[in-house]
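Asker: Starting off with a structure, shown below.
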């Protein structure tokens, strides 16, 4: 049995402790926000937070969650009441296919918890492990900067900082 907090609620699961956290979240707990992408920890589609730090859940054993706080995209808000970062992604129209967005948001959430006023360079460095093929990177960065309180007009400028 593995015990951990999931989006603020205590959970106990009977899955093998070596089972990837992603499988437990999706198959046993029916939280489908984190996506299965590569299964090798290389794309970031499955990113969740463990004690506020981004981890790729497809290669993170359930054992790592023991006694810790796991936060998924579902823990940030809902369709009817999105969290601030989710709302910024909506406002900036930062998703096309949407497959990578939950992982992007979770990695950005981890950054904003550590540093509420990141620079664009810090945002870019934070997002580097997450892959996206849609081409909305500038809008994703704009959404994160919007959440940090930066004026929206500066996000999509050619500024490389």
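The values are calculated or read from the model by the stated rules, or taken from the named source; none is laboratory data. Here the structure is a predicted model, which is why all the values come from computation and not from measurement. Backbone-built Cβ (ideal geometry, glycine too); neighbour counts: all protein chains shown.
Asker: From 15, 9, grab the single residue that is free of Cβ contacts under 8 Å to residues at least 12 places away in the same chain, outside the structural domain of residue 128 (by TED's automatic domain parsing), out of contact with any strand residue (DSSP E or B) (no Cβ under 6 Å at 6 or more places or on another chain) and on the phi < 0 side of the Ramachandran plot.
Answerer: Values: 15 fails: free of Cβ contacts under 8 Å to residues at least 12 places away in the same chain.
None of the others qualify; the one that does is 9.
Asker: Being modelled with pLDDT of 90 or more, more than 13 Å from the chain's Cα centre (by Cα) and surrounded by fewer than 20 Cβ atoms within 10 Å (Cβ to Cβ) is the requirement here; does residue 154 meet it?
Answerer: On the way: modelled with pLDDT of 90 or more: no; more than 13 Å from the chain's Cα centre (by Cα): yes; surrounded by fewer than 20 Cβ atoms within 10 Å (Cβ to Cβ): yes.
Judged against the criteria, residue 154 is not a match.
Asker: Let me ask something else about it. If you go through segment 37-52, how many residues are in a strand (DSSP E or B) and either surrounded by 24 or more Cβ atoms within 10 Å (Cβ to Cβ) or more than 10 Å from the chain's Cα centre (by Cα) (or both)? Steps first, answer last, please.
Answerer: Applying the first criterion (in a strand (DSSP E or B)) to segment 37-52 yields 47-50.
So of that shortlist, the ones also either surrounded by 24 or more Cβ atoms within 10 Å (Cβ to Cβ) or more than 10 Å from the chain's Cα centre (by Cα) (or both) come out as 47-48, 50.
Number satisfying all stated conditions: 3.
Asker: So which of 59, 70 ends up being surrounded by 15 or more Cβ atoms within 10 Å (Cβ to Cβ), in the same structural domain as residue 8 (by TED's automatic domain parsing), in a loop (DSSP other than H, G, I, E, B) and at negative phi? Before you say what the answer is, go through the steps one by one.
Answerer: Numbers: 70 fails: in a loop (DSSP other than H, G, I, E, B).
Result of the check over 59, 70: 59.
Asker: Moving on. Can you confirm whether segment 84-92 contains a residue that is more than 17 Å from residue 18 (Cβ to Cβ), in the same structural domain as residue 127 (by TED's automatic domain parsing) and part of a loop (DSSP other than H, G, I, E, B)?
Answerer: yes
Asker: Testing residue 125 on (1) surrounded by 16 or more Cβ atoms within 10 Å (Cβ to Cβ); (2) free of Cβ contacts under 8 Å to residues at least 40 places away in the same chain; (3) not assigned by TED's automatic domain parsing to the domain that holds residue 27, one condition comes back false. Which one is that?
Answerer: Against the list (1) surrounded by 16 or more Cβ atoms within 10 Å (Cβ to Cβ); (2) free of Cβ contacts under 8 Å to residues at least 40 places away in the same chain; (3) not assigned by TED's automatic domain parsing to the domain that holds residue 27, residue 125 comes up short only on (1).
Asker: I've got another one for you. Whether any residue in segment 102-118 is under 14 Å from the mean Cα position of the chain (by Cα), without any contact (Cβ under 8 Å) to a residue 60 or more places away in the chain and either at positive phi or in the same structural domain as residue 38 (by TED's automatic domain parsing) (or both) is what I want to check.
Answerer: No, segment 102-118 contains no residue that is under 14 Å from the mean Cα position of the chain (by Cα), without any contact (Cβ under 8 Å) to a residue 60 or more places away in the chain and either at positive phi or in the same structural domain as residue 38 (by TED's automatic domain parsing) (or both).
Asker: For residue 82, which of the numbered conditions (1) more than 19 Å from residue 136 (Cα to Cα); (2) surrounded by 21 or more Cβ atoms within 10 Å (Cβ to Cβ) fails to hold?
Answerer: (2)
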